[in-house]
Amino acid sequence: MTKILVLSETFSAAHLYHQKSWSAEQNTACFGKCFTEHGHGHNYRFEVGIEAPKAPRTTLQANVKSVTDLLDHQHLNFVIPEFKNTIPTTENMALYLLKKLQERSPAEKISYIKLFEMNDLWVEIRP
């Protein structure tokens with residue numbers, strides 16, 4: 001049985017859901033309260049499972065924190081270039097975090113990641 005090291009970090013970020021090519025009425029109909037001029041925020045939890053880690057736990061934890069720090073206390077639509085034209089849904093944010101983590105820890109085998117937007121709203125990716 002393979003050992004999986006589980007690491008997690010929390011961060012806060014704001015985002016808004018909208019399609020630039022749609023009218024305000026279309027955006028409201030599709031996204032409801034998630035479509036506002038200023039957006040809204042969440043307290044996220046990012047969890048990472050690393051299979052048979054090669055690096056020390058402290059190094060891996062620092063790498064996880066470094067990727068969540070990119071998003072912490074940011075308005076994603078306005079600050080993060082990848083979300084200027086891509087809606088920062090939980091799924092898209094998880095893919096972004098996975099890519100950034102793989103760049104920082106290329107030797108590690110990531111078993112899964114989970115991004116929790118709320119306790120009952122989260123996404124899991126198994127690369």
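The condition of being on the phi < 0 side of the Ramachandran plot, part of a helix (DSSP H, G or I), within 11 Å of the chain's Cα centre (by Cα) and of a type in the set (Ser, Thr, Tyr) does not hold for residue 28.
The residue that is surrounded by the most Cβ atoms within 10 Å (Cβ to Cβ), among those in segment 83-127 that are more than 20 Å from residue 31 (Cα to Cα) and among the acidic types (Asp, Glu), is 108. Close Cβ contacts (under 8 Å, 6 or more residues apart or on different chains) running from residues in segment 28-42 that are within 11 Å of residue 16 (Cα to Cα) to residues that are assigned to a helix (DSSP H, G or I) and of a type outside the set (A, V, I, L, M, F, W, C) comprise 35/27; 35/28; 39/77; 40/33. Scanning segment 85-121 for residues that are free of Cβ contacts under 8 Å to residues at least 60 places away in the same chain, more than 24 Å from residue 3 (Cα to Cα) and in contact with a helix residue (DSSP H, G or I) (Cβ under 7 Å, 6 or more places away or on another chain) yields 86, 96, 121.
When residues in segment 37-67 are screened for being more than 20 Å from residue 109 (Cβ to Cβ) and either surrounded by 14 or more Cβ atoms within 10 Å (Cβ to Cβ) or at pLDDT below 95 (or both), 8 of them pass.
Within segment 43-65, being of a type in the set (Gly, Ala, Ser) and either touching a helix residue (DSSP H, G or I) at 6+ places or on another chain (Cβ under 6 Å) or free of Cβ contacts under 8 Å to residues at least 12 places away in the same chain (or both) holds for one residue alone: 62.
The values are calculated or read from the model by the stated rules, or taken from the named source; none is laboratory data. Just so we're clear, the structure is a prediction, and the values are computed from it rather than from any experiment. Backbone-built Cβ (ideal geometry, glycine too); neighbour counts: all protein chains shown.
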